[in-house]
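Q: Take a look at this one; I'll ask things after.
The values are calculated or read from the model by the stated rules, or taken from the named source; none is laboratory data. All values derive from a computational prediction rather than experimental measurement. Here the Cβ is made from the backbone with ideal geometry for all residues, glycine too, and neighbour counts use every protein chain on show.
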Amino acid sequence: MEKLESLLARLIQHEVEFVVVGGYAAVAHGVTLVTQDIDVCCRFTPENLARLEEALADLHPVHRMTIPRRPFNLARDWRPGLNNLYLETDWGQLDCLSSVLAVGDFDAVREQSVEIGLSSGRCPVLGVDALIKAKKAMGRLQDKLAAIQLIAIRERKNRKRTASGKSRKDQP
């Protein structure tokens with residue numbers, strides 16, 4: 001997990017526009033499942049992808065869904081309509097998505113994100129409600145298990161708010 005968080009630090013340092021989604025986002029909210037990669041939703045513009053390429057340059061990124069695995073090269077890879085990048089780096093897998101199922105495109109995802117403090121800095125992460133929708137829409141067993149835990153986390157937070165005498169609308 002440490003190397004995955006270092007990947008996020010790289011994205012933050014290079015000012016890549018992204019939101020953490022998927023399993024790592026669920027873990028950031030308190031889910032106990034283990035994840036082997038980081039999924040991010042990012043803006044698929046040449047400028048943002050150039051920042052991504054720069055952030056990963058010395059980590060030897062390759063397309064993990066191609067045979068043979070081709071090095072990530074924005075000059076060669078970028079084209080209008082590019083939606084996803086599935087990369088393997090020296091520090092782990094990074095999946096870059098232009099949209100999230102049941103949530104929407106980057107702007108919709110960003111609107112439904114929250115900032116979470118990681119050791120690498122403040123990081124945008126898909127909010128619990130949107131993450132539950134996305135996990136339910138994926139339909140895989142691991143996503144269903146994550147959704148169950150996320151619902152329990154949300155309910156526990158709501159009970160704490162109620163117990164403290166504050167309603168949801170009283171919260172900042």
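Q: Could you look through the range 106-125, keep only residues that are farther than 16 Å from VAL16 by Cα and modelled with pLDDT of 95 or more, and pick out the one that is surrounded by the fewest Cβ atoms within 10 Å (Cβ to Cβ)?
A: The selected residue is GLU111.
Q: Considering the range 123-156 alone, what residues qualify as being without any contact (Cβ under 8 Å) to a residue 24 or more places away in the chain and either on the phi > 0 side of the Ramachandran plot or more than 13 Å from the chain's Cα centre (by Cα) (or both)?
A: Correct list: ILE132, GLY139, ARG140, LEU141, ASP143, LYS144, ALA147, ILE148, ILE151, ALA152, GLU155, ARG156.
Q: Further, regarding this structure: I'm told TRP78 meets every condition in (1) more than 26 Å from SER6 (Cβ to Cβ); (2) touching a Leu at 6+ places or on another chain (Cβ under 7 Å) except one. Can you identify the failing condition by its number?
A: (1)
Q: In this structure, does PHE44 turn out to be farther than 29 Å from GLY127 by Cα and either under 18 Å from the mean Cα position of the chain (by Cα) or buried (at least 19 other Cβ atoms within 10 Å of the Cβ) (or both)?
A: Spelling it out, it is not the case that PHE44 is farther than 29 Å from GLY127 by Cα and either under 18 Å from the mean Cα position of the chain (by Cα) or buried (at least 19 other Cβ atoms within 10 Å of the Cβ) (or both).
Q: Follow-up. Of the conditions (1) over 16 Å from GLU53 (Cα atoms); (2) more than 13 Å from the chain's Cα centre (by Cα); (3) modelled with pLDDT of 95 or more, LEU87 clears all except one; give me its number.
A: (1) is the only condition that LEU87 fails.
Q: So which residues in the range 94-104 are surrounded by fewer than 16 Cβ atoms within 10 Å (Cβ to Cβ) and not small (Gly, Ala, Ser)?
A: LEU101
Q: Which number in (1) under 19 Å from ASP37 (Cα atoms); (2) surrounded by 13 or more Cβ atoms within 10 Å (Cβ to Cβ); (3) among the acidic types (Asp, Glu) marks the one condition that ASP77 misses?
A: Unmet for ASP77, out of (1) under 19 Å from ASP37 (Cα atoms); (2) surrounded by 13 or more Cβ atoms within 10 Å (Cβ to Cβ); (3) among the acidic types (Asp, Glu): (1).
Q: Right, next: Can you tell which of ALA55, ALA147 is surrounded by 12 or more Cβ atoms within 10 Å (Cβ to Cβ), in contact with a Lys or Arg (Cβ under 7 Å, 6 or more places away or on another chain), of a type in the set (A, V, I, L, M) and closer than 23 Å to SER6 by Cα?
A: Step by step, each of ALA55, ALA147 is checked, and only ALA55 is surrounded by 12 or more Cβ atoms within 10 Å (Cβ to Cβ), in contact with a Lys or Arg (Cβ under 7 Å, 6 or more places away or on another chain), of a type in the set (A, V, I, L, M) and closer than 23 Å to SER6 by Cα.
Q: Confirm whether LEU87 is in contact (Cβ under 8 Å) with a residue 24 or more places away in the chain, of a type in the set (A, V, I, L, M, F, W, C) and within 16 Å of PHE18 (Cα to Cα).
A: Yes.
Q: Identify, from the list SER99, SER120, the residue that is under 17 Å from LYS3 (Cβ atoms), of a type in the set (S, T, N, Q) and in contact (Cβ under 8 Å) with a residue 40 or more places away in the chain.
A: Exactly one residue qualifies, and that residue is SER120.
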